[in-house]
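Here the structure is laid out as structure tokens; the discussion comes afterwards.
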Amino acid sequence: MDMELIMYITTLFKYYFPFALGYIYFYEMPWLCKAFWKILKIRLPAKTTRRFKFINKSSISNYIALDQLPTYLGGSFHFSEELEIPESDENISFEQYFL
């Protein structure tokens, strides 16, 4: 993992988007990453480290509602992977996709 990149991203959120980032969830993080986190958290401010949440299958419902979780994570949310593609570019409008 690139320490400079992580510090850069943290700084970006701190100065430019302070209220945009609530929490960062790590789902079933591997042991090697947990070891890296122990080193990284020493360099981060305490206020920043509180935004990182490490969750697993048994604790995910404490942070995310089950109706918003996909079925493969134990929730009840079903989503369609099909993408509607228009027949020609002439029929595409900005409002149709972005408003």
### Summary
Kirkwood calc, segment 4-80, C-alpha pairs only, radius in angstrom 14.3 Å
### Query
When only C-alpha pairs under 8 Å and at least 6 residues apart count, what is the relative contact order of segment 1-62, in percent?
42 percent
### Message
Given points 7 Å out from each Cα along the Cα-Cβ axis, report the SER58 to PHE26 separation in nanometres with one decimal.
### Response
1.9 nm
### Where labels lie 7 Å past Cα in the beta-carbon direction, separation of GLU4 and CYS33 in nm
2.3 nm
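Every number in this text was worked out from the coordinates using simple rules, so none of it is lab data. Computed from a predicted structure; not experimentally measured. Because the Cβ atoms are built from the backbone with ideal geometry, glycine has one as well, and the counts that use them run over all protein chains shown.
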